[in-house]
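Asks: Following this message is one structure expressed as structure tokens.
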Amino acid sequence: MFETNLARIKELAQQKEKENGDFRTYLKGCDIEPEAVDAIVHRLYAQVSSKIDCRQCANCCRELAAALGREDIERLARAEQVADAAIEELASQPPVASDKPATKLPRPRSRKP
């Protein structure tokens, strides 16, 4: 099983701060292409994320802010039928602490003409 308790995850991160820093330093000095590291991380993510029921945990929705690129903003604005600026405003806000996961994109008031 994987740890999903945020307090425990933060505690473990603090305990392993030096080890994690050493590993980042090691990766920077390796003769490995960034794309190869990304491929490994994506493979591991697929393995781990498939074993976590987001409906039970939902820590990502409560703790993380979305990183949206221009294409993401335009696609979301089209899907929600709002101005790009409304999506940019939502994406720039810090996550709101909640006991419930986000289930849908909030509806901004400004609509596309």
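Asks: Testing Ala46 on (1) among the small types (Gly, Ala, Ser); (2) modelled with pLDDT under 75; (3) in the same structural domain as Phe23 (by TED's automatic domain parsing), one condition comes back false. Which one is that?
Replies: Going through (1) among the small types (Gly, Ala, Ser); (2) modelled with pLDDT under 75; (3) in the same structural domain as Phe23 (by TED's automatic domain parsing) one by one, Ala46 breaks only (2).
Condition check ((1) surrounded by 10 or more Cβ atoms within 10 Å (Cβ to Cβ); (2) in contact with a Pro (Cβ under 7 Å, 6 or more places away or on another chain); (3) farther than 28 Å from Gln93 by Cα) across all residues:
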| position | (1), (2), (3) |
| --- | --- |
| Glu11 | yes, no, no |
| Ile32 | yes, no, yes |
| Gln56 | no, no, no |
| Asp72 | yes, no, no |
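Asks: Among Leu68, Leu44, which is surrounded by 10 or more Cβ atoms within 10 Å (Cβ to Cβ), closer than 26 Å to Thr4 by Cβ, more than 14 Å from the chain's Cα centre (by Cα) and of a type in the set (A, V, I, L, M, F, W, C)?
Replies: Leu44
The values are calculated or read from the model by the stated rules, or taken from the named source; none is laboratory data. Not measured: the values here are computed from a predicted model. Neighbour counts are summed over all protein chains in view; Cβ atoms, including those assigned to glycine, are modelled from backbone coordinates with ideal geometry.
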